[in-house]
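Enquirer: Next up is a structure, given as structure tokens.
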Amino acid sequence: MKRAESGLSFQQKLALVVLLLFLASFFFPFYLARANRVSEDITSGLSSLSAMCFLFLMIPPLLIALYAFIPKGWISELTLTLAGILGLFFPLMVLGIVGPDVSATFGPLARYSPASGMYLYLTAVIIIFLMKPKFRLYDAVGMAIVVGSVVIVLSQGSYDRLGIVLEARNLGKRITQEVLAHIRLTFISLAISMVIGIPLALASFQSKRAKKIIFPFLNLLQTIPGIALLGLLITPLSTLSRTFPLLREMGIKGIGNTPAIIALSTYALYPIIRYSFTAFSSIDASVIQAAKGMGMNPLQVWKMVRFPLSAPGVLHGIRVALIQTIGNATLAKLIGGDGLGVLIFEGLGQASVDMVLLGMLLIIALTVASDRAFQVFIHLVTPSPLRAKAVGNG
């Protein structure tokens, strides 16, 4: 009775939010077209689409409405999966369908892009995937089908006038260069922060005095905006490069990748030190006492007990720092550095939403791929008895 009186369940409330987002998306422009790169946008809503396209786009909202009233079980989970997969599939196919029409209407230089309605629609789809407690095999199969379908449609030329595709073709090999530069910036910064951060976490664990110095300093660093920190590094690094020409020859200057790496390494220290310190501190004292009772000296206790038991927590701290650094590396462009931030800020400077979107999608793809790869790595290197604990720390 109490459950019935409490109103909508959490499942139903989330489904209602998703349904409202779907419905709201139908009242906004679904895509916009231009005669060329610099011409004025002409928006088009669902009314400009065929009845078949509209019916397809209605299927995911109907599935979500059905999901809200189905008891939890494999049927409701399958319904949620279908809503997410089809909610991703149909808008992408609609973009492929309208492409030839845009070219025929606006000419050979025409281009088109998703508009606010489609972004709202895809936001609802993202929430659907977040509603799933676990990403299962059939979810992966569904995503693979969507990706395969997009590749087929792309190969047939239906996306040729899509703005993001045109920007990618115009940039050509430069995209690969910026992706590699972004990865290089990220991993150099992460390596530096690991070399500094893990010993500092160890020092904080061993000494209360060190902890009282290190953690307030880390908290202070977190309050400095990334752009401000990049600006603060220009003067001292420029002075050093002028005073010591050898440093300038090594690439250490007030602008470029050097200040970006210093700033990124600084921001990555916090999660590494915090997670590592927590991992060192969370080991049960009785386990340490048992190790000492077996005759282990302090070095053996660290080597055979503390480090193996704390490894999952330390690795998750590195994982958080990795994801954070990939995002922060976007700001490197502001100080003359490389990376995918170049696409975003050049797109902003040229008023090219498509170039900005391309840069954002590449950063998101790199972040998701890195996160999943690191999770797999943590799973493989963590002993089976400790995997549950590693998941909890994540």
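Enquirer: Taking 8 Å as the Cα distance limit and 6 or more residues as the minimum spacing, I'd like the relative contact order of segment 44-130 as a percentage.
Expert: Result for segment 44-130 is 30 percent.
Enquirer: Quick one, could you list the DSSP H helices from the chain stretching 18 Å or more along their long axis (Cα atoms) with average Kyte-Doolittle hydropathy of -1.0 or above?
Expert: Both cut-offs are met by 10-25, 51-67, 74-106, 116-131, 137-155, 173-206, 208-222, 226-243, 257-281, 307-328, 353-381.
Enquirer: Quickly estimate the mean residue ellipticity at 222 nm for the chain, helices only: each DSSP H run with n ≥ 4 gives -39500 (n - 2.57), and the total goes over all residues, rounded to 500.
Expert: -25000 deg cm²/dmol
Enquirer: Return the single residue from S47, S265, S286 with maximal mean-square fluctuation; model: Gaussian network over the chain, springs between Cα atoms under 10 Å.
Expert: S286
Enquirer: Let me ask something else. Please work out the Cα center distance from segment 175-251 to segment 266-280, rounded to the nearest Å.
Expert: 14
Enquirer: Can you give me the distance in nm between label points at I42 and M360, each placed 7 Å from the Cα along the Cα-to-Cβ direction?
Expert: Taking the two extended label points, one gets 2.5 nm.
Enquirer: Below 8 Å, C-alpha to C-alpha, sequence gap of six or more: please give me the relative contact order for the chain in percent.
Expert: 15
Enquirer: In segment 171-393, if every C-alpha pair distance is counted and binned at 10 Å from zero, what percent goes to each bin?
Expert: Binned Cα distances yield the sequence 8, 27, 30, 21, 10, 3, 0.
Enquirer: Just check segment 123-190 against the gyration tensor rule for me: Cα atoms, a ≥ b ≥ c as the square roots of the eigenvalues, rounded for a/c under 1.5, and otherwise prolate or oblate depending on whether a/b exceeds b/c.
Expert: oblate
Enquirer: I've got another one for you. Just want the answer: with Cβ charges of +1 for Lys and Arg and -1 for Asp and Glu, which residue in I323, L220, P60 is farthest toward the dipole's positive end in the chain?
Expert: L220
Enquirer: With a ≥ b ≥ c taken as the square roots of the eigenvalues of the C-alpha gyration tensor of the chain, please select rounded if a/c is under 1.5 and otherwise prolate if a/b is larger than b/c or oblate if it is not?
Expert: oblate
Enquirer: Right, another one. Say R0 is 35 Å: what FRET efficiency, to the nearest 0.05, do L380 and I288 get from their beta-carbon distance?
Expert: In this case the efficiency is close to 0.85.
Enquirer: With a point put 7 Å past each Cα toward its Cβ, work out how far K72 is from K212 in nm, to one decimal.
Expert: Output for this residue pair reads 4.8 nm.
Enquirer: Here's a follow-up. With springs only between Cα atoms under 10 Å apart, run a GNM on the chain and tell me which of I318, I70, I227 wobbles the most.
Expert: Looking only at I318, I70, I227, the biggest GNM fluctuation is shown by I70.
Enquirer: Moving on to the next point. Which value in nm describes the separation of the simple spin-label points at L23 and F187, placed 7 Å from the Cα toward the beta carbon?
Expert: 5.0
Enquirer: Now, a different point. What are the trypsin sites (Lys or Arg not before Pro) within segment 12-106 that DSSP puts in a loop, where the Cβ has at most 14 other Cβ atoms within 10 Å?
Expert: K72
Since every read-out is calculated from the coordinates, none of them should be taken as a lab result. From a predicted model like this one, the values you see are computed outputs, not experimental measurements. Cβ atoms come from the backbone with ideal geometry, glycine included; neighbour counts cover every protein chain shown.
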